[in-house]
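The values are calculated or read from the model by the stated rules, or taken from the named source; none is laboratory data. What you see is a predicted model, and the numbers here were worked out from it, not measured in a lab. A quick note on method: Cβ atoms are made from the backbone with ideal geometry, for glycine too, and the neighbour counts reach across all protein chains shown.
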Amino acid sequence: MRTQQYPGPSLIKASLASLVILVTLILTACYGTFTATPAVPTGLSATTDQGDKIELNWTAASGAGVYLVYRDNDEEALASTSMTAFIDTDVEAERDYVYRVSALDIYGELESEPSEPATGATYGYTWQPPAALAAGVLDYAVVSGGGSVYAAWTLAGGTVVVKRWDSDQKAWLDFTSPGSWSGSSQIALIYQGRPVMAFSSTNGLQVVAYDSTDKVWETRGAAGFAAAGAVDLMLAADNTYTYLAFDNGGPKLWRYGSVGGWGQLDTGDSSGLPLAVQTPVLKAFTLNSGTPFAVIEYTDAGQKQSSYRFTAPAWQDAGLLAGIDAPSAKVSLLPQGAAIYTALRKADNSIHLGYYDQGLWTELTPTAGFPTAVGAPTPALVYHRQELHLLHADPTGAVIARRYRDSEWLYAGKNSGGINVNATDSIQAVSLNTRLFVLHTTGGTLSVSLYE
């Protein structure tokens, strides 16, 4: 009797696999590939904190071979990538862009619906590498006005140097020096229709103003009205008066008018301030709607500080943001309209921000998304292109810019090339047209960076 032979399981499986492949090849040749449409990518995000690029990220979609990136209303994809991230460098300054991402199958035939849109933006400015102005700088000041930027600094041996930025030549030009310093190397500089400078000379503390006709510095009022050793010189001005605040055994406040010359506004004994035994120290000074406004630090069961408005003949306490201990450096004050903005570095190297308006202090420090530790120099505030800008150092010594918009502090770039500011250095900034001039010292070398 003949026995019937049947194929084994392994042979059956191999035959079936071959049949599937054959059928797939036939169908593919006739009708194309068969695959499921990929899922829609989710979680698309786009950055808004850089000047020359926008970074996109999203979550992987099942069935995706590559991803197509679309920008604005363009029907043609901007780019394709196998990654779940893309960097768009073909962007213009100060622009918003809307992005969508779709998934394409492994054969490049079936495309998913586009993702939910995400808006990215560029902040409009880039940093220029720092350029050194001088070495061995003891103190410096910078101001803008009359279509120019003026920078002044002191060197060892009594030298006072002044330079002016020429917008046409895009260069720093030599400017007439007002003389030599003596007793204290500190200087202050403002613009009141012309550059006005305060410094300590052999004749005592004096204030000079530049006469552009005769191209000389003229003494503003009698020279030597205070001791040459006065420190923390601070100038402010309105259309009528020039104000000078300084420390000389306690904060002092003087005012200059074309009629009457210089006169001391306070009584000379820190009237209205904490008691003299609490050693009040002037930390910042400006004008608030024409009224002198200062931040003064004093010792009372530990270091404290408060703000004061001067109403003749005494200082009146205006309070300060709660929870601020005394910083180890000066406080930045920026008047803007009827308000005053302030930035200071606390003892733990965190930044504290706020503003004063109509007798009240309001907190501006973000509760999230802001550095809890920054570099040592006091942060600088400047109003640039109708937005408040903050300049501060990060822990590595690089200078970072942030701008305040819609109740948020937006990252506006970092200048790290050749900058390493530390606790003994400082940052100052002024605005001129579309340029932001950021001056900083690094180990006694004064440099300027353009943010434009």
- Meets criteria (touching a Leu at 6+ places or on another chain (Cβ under 9 Å), assigned by TED's automatic domain parsing to the domain that holds Ser407 and at pLDDT below 85) for Pro366: yes
- Can you pull out the residues in the stretch 73-104 that are surrounded by 14 or more Cβ atoms within 10 Å (Cβ to Cβ), assigned to a loop (DSSP other than H, G, I, E, B) and of a type outside the set (A, V, I, L, M, F, W, C)? Thr84
- Query: Considering only residues of the stretch 386-398 that are aliphatic (A, V, I, L, M) and more than 8 Å from the chain's Cα centre (by Cα), which is nearest to Ser350 (Cα to Cα)?
  - Reply: Ala393
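Does Tyr70 satisfy the condition of being crowded, with 17+ Cβ neighbours inside 10 Å, of a type in the set (Ser, Thr, Tyr) and at pLDDT 95 or above?
Taking the combined requirement at face value, the residue satisfies it.
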- Entirely in the stretch 372-417, the strands (runs of 3 or more DSSP E) that have 1 or more residues that are within 24 Å of Lys283 (Cβ to Cβ) and at pLDDT below 85: 387-393, 399-405, 408-415
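Identify the residue in the stretch 155-203 that is part of a strand (DSSP E or B) and of a type in the set (D, E, K, R) and, among all such residues, is farthest from Asn248 (Cα to Cα).
Asp166
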- Any residue in the stretch 293-311 that is at positive phi, touching a strand residue (DSSP E or B) at 6+ places or on another chain (Cβ under 9 Å) and either assigned to a strand (DSSP E or B) or modelled with pLDDT of 80 or more (or both)? no
- Checking Ser184 against (1) of a type in the set (S, T, N, Q); (2) within 30 Å of Ser80 (Cα to Cα); (3) buried (at least 17 other Cβ atoms within 10 Å of the Cβ), the condition it does not meet: (2)
- Query: Right, Gly120: out of contact with any helix residue (DSSP H, G or I) (no Cβ under 7 Å at 6 or more places or on another chain) and farther than 26 Å from Lys414 by Cα or not?
  - Reply: no
